[in-house]
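The values are calculated or read from the model by the stated rules, or taken from the named source; none is laboratory data. It should be emphasised that the depicted structure is a prediction, and the values quoted were computed from it without experimental measurement. Ligands, DNA and RNA are excluded from the accessible area calculation, which covers all protein heavy atoms including side chains. Shrake-Rupley method; radii C 1.70, N 1.55, O 1.52, S 1.80 Å.
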Amino acid sequence: MRAVYGAVHVSERKACIGKGEPQNTQHITEQDVHMVNTQQGYILVMCVMAMLSPMAIASEANVLAEKAKQRSSAIERQQLAQARAAFNARSEQEQKQLHAKPQEWQLEQQEKAQQHFKLQETRESRYLKEAKAAAKLIRKIPKPSTQ
């Protein structure tokens, strides 16, 4: 690889030094060549890093996406398990109702009807008692005498 600094090549610089010619500021030294090579290496490293950086970001994004998928699938499995449990509980309750003896249902309905009837009867009897008491009070009021 030929290192060039300005318009003068390193090999030309060495040729000038060997002939005893005065050093020109346009000519480069070995340190300059080393510095240019170092800078080129630095630029090369930076270019490689710039190319690898999006790859690293992409791989990190892929890892995050994979974790999100795993978490999403875990939540979905949990929700499905809860839904199955609720469905099973509901179906068991329905089966109990279907297999219950019809007489039990009829007895329950009769008990409810009797309780309702008793409640209605107590209301009616209370109203009737109040009406009788009010009627007695009206009869006790003396009639005005006519003269």
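Within the set Gln147, Gln115, Gln97, Gln120, the sole residue that is among the polar types (S, T, N, Q), open to solvent by 100 Å² or more (accessible area, probe 1.4 Å) and modelled with pLDDT of 90 or more turns out to be Gln115.
Can you tell me which residues in the stretch 79-92 are open to solvent by less than 100 Å² (accessible area, probe 1.4 Å) and among the polar types (S, T, N, Q)? Scanning the stretch 79-92 gives Asn88, Ser91. Just a yes or no: is a residue in the stretch 25-34 assigned to a helix (DSSP H, G or I), open to solvent by less than 100 Å² (accessible area, probe 1.4 Å) and at pLDDT 85 or above? No, there is no match, as no residue in the stretch 25-34 is assigned to a helix (DSSP H, G or I), open to solvent by less than 100 Å² (accessible area, probe 1.4 Å) and at pLDDT 85 or above.
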